[in-house]
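*Asks:* Have a look at this one.
The values are calculated or read from the model by the stated rules, or taken from the named source; none is laboratory data. Given the structure is predicted, the values throughout are model-derived calculations rather than measurements. Note: ideal-geometry Cβ built from the backbone for every residue, glycine included; neighbour counts use all protein chains shown. Ligands, DNA and RNA are excluded from the accessible area calculation, which covers all protein heavy atoms including side chains. Shrake-Rupley method; radii C 1.70, N 1.55, O 1.52, S 1.80 Å.
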Amino acid sequence: MRRLNRFSMVFTVLCFSAINWLPEITNLNSNTEEIFSTVITVIIMILIGNTAPKIPFNRYMGLRLPWTVRDESTWKVAHKLLGYITFPLVIILIIGSIFGDSIALIKYCLITWIIIPGAYSGWHYYMKIQGRR
């Protein structure tokens, strides 16, 4: 788990640094910059979405919301859902960036990617506390 945590920190910093610095160094046009940002975002989403269901219950890594760190079953539900919705959102992002504004689509996909598992796991936790699950 420590290796995964270190790898994700270094990888994320390198990717976002490349997004910010590479276009300035190479004088890329805005279309190429959007493609580069989309590719980096897709890679990050696939890596995190693929490893999310495999992350054990902990307080330091993963989708750390107040209700997910309190209950292990809520943790598992949130991360399993995060893994399930990753690939449909990546496909939407790839197809949408071909035909439209990829920067706006990246924002909407990332927000959706976090809100859906967060809201569903919050509902799951609330139902569990109420005794309905």
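*Asks:* How tilted is helix 72-99 with respect to the longest principal axis of the chain? Cα atoms for both, answer in degrees (0 to 90, nearest 10).
*Replies:* So the inclination is approximately 20 degrees.
*Asks:* Most mobile of TYR120, TYR108, TYR60 per a Gaussian network model of the chain (Cα springs, under 10 Å)?
*Replies:* Highest fluctuation of the listed residues: TYR60.
*Asks:* How big, in percent, is the set of alpha carbon pairs in the chain lying more than 26 Å apart?
*Replies:* I get 31 percent for the Cα pairs in the chain exceeding 26 Å.
*Asks:* Can you give the FRET efficiency to the nearest 0.05 for ARG132 and ILE46, using r as the Cβ-Cβ distance and R₀ = 22 Å?
*Replies:* After rounding to 0.05, the efficiency reads 0.05.
*Asks:* Next question, about the same structure. Between ARG59 and VAL39, what FRET efficiency follows from the Cβ-Cβ distance if R0 is 30 Å, with the result rounded to 0.05?
*Replies:* 0.40
*Asks:* While we're on this one: So how do 46-55, 74-83 stack up, highest first, on mean other-Cβ count within 10 Å?
*Replies:* 74-83, 46-55
*Asks:* Tally up the carbon and sulfur contribution to the accessible surface of segment 31-133 as a whole percent, 1.4 Å probe, everything protein left in place.
*Replies:* 67 percent
*Asks:* With the contact rule set at Cα under 8 Å and sequence spacing of 6 or more, what percent relative contact order holds for segment 23-133?
*Replies:* 30 percent
*Asks:* Sticking with this one: Please work out how much accessible surface VAL90 shows to a 1.4 Å probe, ignoring ligands, DNA and RNA, in Å² rounded to 10.
*Replies:* Around 10 Å² of this residue is reachable by solvent.
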